[in-house]
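Okay, structure first, notes after.
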Number of protein chains: 2
Amino acid sequence: MNSQKVGILGGGQLGRMMVEAASRLNLQVVILDAPEDAPAKQIESTQAHIGGTFNDADKIRELASQVDVLTVEIEHVNADVLAELEQKGHKVHPSSQTIKTIQDKFVQKEHLVSHGVPVADFMETLTQDAVAEAGRKFGYPFMLKSKTMAYDGKGNFVVKTASDIEPAMAALSKTPLYAEKWAPFTKELAVMVVRRANGEVRSYPVVETIHKNSICHLVICPAQVDGTVLARAQQVAENAIKSFPGAGVFGVEMFVLADGSILLNEIAPRPHNSGHYTIEACETSQYENHMRAILDMPLGSTDMKVPASIMVNILGSSDSMEECYRPCKEALLVDGATIHLYGKKGCRAGRKMGHITVVGESMMQVQQRLKPILNAIEPGVDRPLSLRPMVGIIMGSDSDLPVMKVGAQILRDFGIPFELSIVSAHRTPLRMVEYAKSAAERGLKAIIAGAGGAAHLPGMVAAMTPLPVIGVPVKGSSLDGVDSLHSIVQMPRGVPVATVAINNSTNAALLAIRMLGAFIPGVLKQMDEYMVKMEGEVMRKVDKLEQVGWDNY
Amino acid sequence: MNSQKVGILGGGQLGRMMVEAASRLNLQVVILDAPEDAPAKQIESTQAHIGGTFNDADKIRELASQVDVLTVEIEHVNADVLAELEQKGHKVHPSSQTIKTIQDKFVQKEHLVSHGVPVADFMETLTQDAVAEAGRKFGYPFMLKSKTMAYDGKGNFVVKTASDIEPAMAALSKTPLYAEKWAPFTKELAVMVVRRANGEVRSYPVVETIHKNSICHLVICPAQVDGTVLARAQQVAENAIKSFPGAGVFGVEMFVLADGSILLNEIAPRPHNSGHYTIEACETSQYENHMRAILDMPLGSTDMKVPASIMVNILGSSDSMEECYRPCKEALLVDGATIHLYGKKGCRAGRKMGHITVVGESMMQVQQRLKPILNAIEPGVDRPLSLRPMVGIIMGSDSDLPVMKVGAQILRDFGIPFELSIVSAHRTPLRMVEYAKSAAERGLKAIIAGAGGAAHLPGMVAAMTPLPVIGVPVKGSSLDGVDSLHSIVQMPRGVPVATVAINNSTNAALLAIRMLGAFIPGVLKQMDEYMVKMEGEVMRKVDKLEQVGWDNY
């Protein structure tokens, strides 16, 4: 679809998945990498690829002579040659300047600070005295980091006390160092951002990353974090990438702190492990968008097309290929799991051999589906996710709790993640506004509001959210709850409240579950089973009545 | 993941997409096809492929000598050699017997009839007299068909009158013929079915196919047809495939008649054009499941992972590659569109050059997204789809229609497909049971039920469906509607009805839309806009009141 030929420095799994995307668009790609059978070369037989390393100046020049656009699948390339080629008029994406800035994490951080991007405090530490000074300035623990050639946790050292300084410097002796204040993060987030040469930027959903031994283990999308925090993270990531010239996909890793604020950790100027999930879960994969961006083609939608996904990396645990296939064989039995193996010939401990992406109708389902795969990787280890609530239960006063908790129990029984709080229309009106206005963005699908007497809460919340609001009239000391019922149900045209029977939070919860079930088949099935069970309970009473007679019942 | 090497007879687009799936599972595939640069060979450089046709006995034997399992991407292969190889102990999937039966459409039909599968009446017509006899037996029009070597409408002739018989026989002179009674179908459906060697069968969702010049043009998934009809079609397809020995994916094409009954049209013993959509829209693609099936690996889930998809074929319209890229370039601008180009070097009119699959959050959205792509293929031609209803509006009596039609108008304004009918709890109780029981399977997401007086309809329907039911109390001649309100809202624990204000079908419709919006972002956005518009209308009244004063208002 585009006559420009692309040359990729590096032919590993990232290059391979770029080639996969390119083939579908009839794009031509030439790979520069040492092995004859590099993963990316295996699935592109129409070109004469080049053998050599992505640091070899001559080989890079040879590649440039054969293609129209150069790109990278790894940032540790010879950026000076790329700069020289750019000078000569070759197209290089991302630009050599961007790659250079990112290659040195200290320079990267300085660049980000100068563009107003929030990062943890840091300082250059070229001497042991400077490291000790960092300890005084930042307190312990702090991070000592290699400026260059760092990846997958390599090149980082946690300095817990002053006595760690010497061993840390010994361990990181190969490159110059800098120190970073410890970021007391609650979760790690990541965003893939794609930037077209004309400056247009689109970002993928925010994911939650879980590392194991400093290597990416799980990528959860969407991150099970309050949607308002996610919107902030996405903005930080976009702002950061807008500051770098050139085109392509960038991986932006971030920390979220306890107060919901965001610190950018680091950037990769290429498709990234935390974006593998986009192949199955998004409308356009990061790989296709990378190709589109560097060829100045229109960018594709970065929206999710499935409700939930989790990616798990398949690392070699030894040199046994069979062992690395074990979780994959488990995944063959898992609905919604797609296995990606990279065609690497040799297996060794810690080598990225493949990944598995599990998608599903809800995060509850994806989490369940993932279990046997994780169990094959780490038998017996359970890492339960805290799921983002789908239903919000609110009530005007804690005196409504005895009525409302019956519904909460139903949601718990069905395994629906929910939140429960007090929001009073009359005593905390501003809290109510904030709750209602943010509900959809925070990820809620329905709100259950209980109120007695004048019972304004359900209707007022419904007036400020596009979500369905279910109202539970709570019986007060007078009027038998009819006051609340009429106040909740008789909403004016334009703003509906789904009203249930007086004090019947059971039905409110069941109604919320039916709403979810209309779009989540597994939940619909649960509701079907609930109804069958209910029928069975009555039928048992029928039998009992038959057996003991009405007068003894 | 499996040490068995696979050999594919044929290296076109179907073979290419099989290779794509195989690479991700570290499976080895060898292609037999004449061109050096056949589409499938282009993306698999680790094997020495074979040049030659899939009818060349020696070449097939050569392929067999190099691999563990043979399969096909086209049924018009030399099945005798495959039978000979099976005799010698080679694994062939699907079995040569299955391929032979399917190659001859007359034999295929006889096989299906003998296994109780519904097909249109047919008879052998080896002579002109026999064809005339078919005309007398079936009436005109009827179909005259080549028994063998037929595909994409080639080998079929519609005999409209007796005078067509001679030209029909002349046109189809190359192979023996049979005649088929005309099937007065309302829609064409298709199902991909995968069968593992051990006999396990899984079927994909039923799709609706729209042909242009007898070549597949659009594939709509899920078919916009009543879910109970779809369940029947799926059953017919599964039963048919259970009758064929061997493993692999099968494409089953069917007709649905006006009464909802199903006739099987024909079967392809391989991945099929009507299953391309599975790559983006299902949990496991037909290509991956074909590989799994023939290697006796566990089958993957055939469920959809997105709410809706439409696939459109990209055919060459001339020898201009640029012209065939035109709809693809349009698709680059369309969210949710994935372009598949097959790497074919030459373009010519009618040649399958690629396909585009559009996915989205709802069929409404996918239909909108598809428009610019279709317009690039056939400027000015609009083929509106009739969408399956997502909301059902029912009422106890036509006297409720004036109240309920206000809500219907809201749904229409929002572009939500819905159905509206009369279902009386007391006068048509069995119709009510059928309506409620089938609602979820038929594809509804919510039911709005209006009723007056005793007003049993909403609660009784809610008792027989797991879907959310919204109740509209309709005001009768006495008690001001409070009778209906209390009857609808005061449901017992276990069965909720989302009750809205008396006579307020507007709010019922808006509530249904909010329920859809919780899962369909585009609808949520519409609801947001509706609320802003409503606010604007009141603000204009504020301004007017300000301007003219309260006494002149």
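The values are calculated or read from the model by the stated rules, or taken from the named source; none is laboratory data. Computed from a predicted model, the values in this text were never measured in an experiment. Don't worry about glycine lacking a Cβ; one is built from the backbone with ideal geometry, like all the others, and counts go over all protein chains shown. Side chains included, ligands, DNA and RNA excluded: accessible areas come from the protein's heavy atoms. Shrake-Rupley method; radii C 1.70, N 1.55, O 1.52, S 1.80 Å.
Just the residues that are surrounded by fewer than 19 Cβ atoms within 10 Å (Cβ to Cβ) and assigned to a loop (DSSP other than H, G, I, E, B), please, taken from segment A:91-103.
none
Just the residues that are part of a loop (DSSP other than H, G, I, E, B), surrounded by fewer than 24 Cβ atoms within 10 Å (Cβ to Cβ) and in contact (Cβ under 8 Å) with a residue 60 or more places away in the chain, please, taken from segment B:11-26. Steps first, please.
Within segment B:11-26, the subset part of a loop (DSSP other than H, G, I, E, B) is B:11-12, B:25-26.
Of the ones still in play, those that are also surrounded by fewer than 24 Cβ atoms within 10 Å (Cβ to Cβ) are B:12, B:25-26.
Once the filter is applied, which keeps residues that are part of a loop (DSSP other than H, G, I, E, B), surrounded by fewer than 24 Cβ atoms within 10 Å (Cβ to Cβ) and in contact (Cβ under 8 Å) with a residue 60 or more places away in the chain, segment B:11-26 yields B:Gly12, B:Leu25.
Of the residues B:Val113, B:Val159, B:Val131, B:Val193, which single one is surrounded by 17 or more Cβ atoms within 10 Å (Cβ to Cβ) and within 26 Å of B:Arg232 (Cβ to Cβ)?
The match here is B:Val193.
Within the group B:Tyr277, B:Tyr287, which residue is among the hydroxyl-bearing types (Ser, Thr, Tyr), more than 15 Å from the chain's Cα centre (by Cα), surrounded by 22 or more Cβ atoms within 10 Å (Cβ to Cβ) and modelled with pLDDT of 95 or more?
Of the residues listed, the single one that is among the hydroxyl-bearing types (Ser, Thr, Tyr), more than 15 Å from the chain's Cα centre (by Cα), surrounded by 22 or more Cβ atoms within 10 Å (Cβ to Cβ) and modelled with pLDDT of 95 or more is B:Tyr287.
Scan A:Asn198, A:Asn213 and give me the residue that is over 20 Å from A:Met311 (Cα atoms), surrounded by fewer than 18 Cβ atoms within 10 Å (Cβ to Cβ) and outside the structural domain of A:Gln128 (by the TED database). Break it down into steps so the answer makes sense when it comes.
On the way: A:Asn213 fails: over 20 Å from A:Met311 (Cα atoms).
Matching residue, one of A:Asn198, A:Asn213: A:Asn198.
Among the residues of segment B:314-326, which ones are open to solvent by less than 10 Å² (accessible area, probe 1.4 Å) and either more than 11 Å from every other protein chain (Cβ to nearest Cβ) or at pLDDT 95 or above (or both)?
B:Ile314, B:Gly316
Here are B:Asn78, B:Asn2, B:Asn26: which of them is out of contact with any strand residue (DSSP E or B) (no Cβ under 8 Å at 6 or more places or on another chain), within 30 Å of A:Ala21 (Cα to Cα) and of a type outside the set (Val, Ile, Thr)?
Working: B:Asn78 fails: within 30 Å of A:Ala21 (Cα to Cα); B:Asn26 fails: out of contact with any strand residue (DSSP E or B) (no Cβ under 8 Å at 6 or more places or on another chain).
Just one listed residue meets the conditions, B:Asn2.
So B:Pro379 ticks every box in (1) open to solvent by less than 70 Å² (accessible area, probe 1.4 Å); (2) in a loop (DSSP other than H, G, I, E, B) but one. Which box is left unticked?
Of the numbered conditions (1) open to solvent by less than 70 Å² (accessible area, probe 1.4 Å); (2) in a loop (DSSP other than H, G, I, E, B), the odd one out for B:Pro379 is (1).
A:Tyr342 passes all but one of (1) at the interface with chain B (Cβ under 9 Å from one of its Cβ atoms); (2) hydroxyl-bearing (Ser, Thr, Tyr); (3) without any contact (Cβ under 8 Å) to a residue 60 or more places away in the chain; which number fails?
In the conditions (1) at the interface with chain B (Cβ under 9 Å from one of its Cβ atoms); (2) hydroxyl-bearing (Ser, Thr, Tyr); (3) without any contact (Cβ under 8 Å) to a residue 60 or more places away in the chain, A:Tyr342 misses (3) alone.
A:Ile8 versus (1) closer than 25 Å to B:Thr338 by Cβ; (2) within 14 Å of chain B (Cβ to nearest Cβ): which is the lone unmet condition?
(2) is the only condition that A:Ile8 fails.
Check whether at least one residue in segment A:360-374 is without any contact (Cβ under 8 Å) to a residue 12 or more places away in the chain, in a helix (DSSP H, G or I) and out of contact with any Pro (no Cβ under 8 Å at 6 or more places or on another chain), and report yes or no. Reasoning before the result, please.
The initial filter retains those residues of segment A:360-374 that are without any contact (Cβ under 8 Å) to a residue 12 or more places away in the chain, namely A:368, A:371.
Then drop every residue that is not in a helix (DSSP H, G or I), which leaves A:368, A:371.
If we keep only those that are out of contact with any Pro (no Cβ under 8 Å at 6 or more places or on another chain) as well, we get A:368, A:371.
Checking segment A:360-374: at least one residue is without any contact (Cβ under 8 Å) to a residue 12 or more places away in the chain, in a helix (DSSP H, G or I) and out of contact with any Pro (no Cβ under 8 Å at 6 or more places or on another chain).
When A:His76 is evaluated against the numbered criteria (1) part of a loop (DSSP other than H, G, I, E, B); (2) free of Cβ contacts under 8 Å to residues at least 40 places away in the same chain; (3) under 14 Å from A:Leu9 (Cβ atoms), which criterion, by number, is the only one it fails?
(2)
Please find, within segment B:231-247, the residue that is surrounded by the most Cβ atoms within 10 Å (Cβ to Cβ) out of those that are in contact (Cβ under 8 Å) with a residue 60 or more places away in the chain and farther than 20 Å from B:Lys100 by Cα.
Ranking the candidates gives B:Val236 first.
Among residues belonging to segment A:464-491 that are within 8 Å of chain B (Cβ to nearest Cβ) and either in a loop (DSSP other than H, G, I, E, B) or more than 33 Å from the chain's Cα centre (by Cα) (or both), point out the one that is farthest from B:Leu516 (Cα to Cα).
My answer is A:Leu485.
If you take the residues in segment A:327-339 that are facing chain B (nearest Cβ under 7 Å), not aliphatic (A, V, I, L, M) and not in a helix (DSSP H, G or I), which one is surrounded by the most Cβ atoms within 10 Å (Cβ to Cβ)?
Residue satisfying both the conditions and the ranking: A:Gly336.
In this structure, is B:Val81 closer than 23 Å to B:Met149 by Cα and not in a strand (DSSP E or B)?
Values: closer than 23 Å to B:Met149 by Cα: yes; not in a strand (DSSP E or B): yes.
Against the criterion (closer than 23 Å to B:Met149 by Cα and not in a strand (DSSP E or B)), B:Val81 qualifies.
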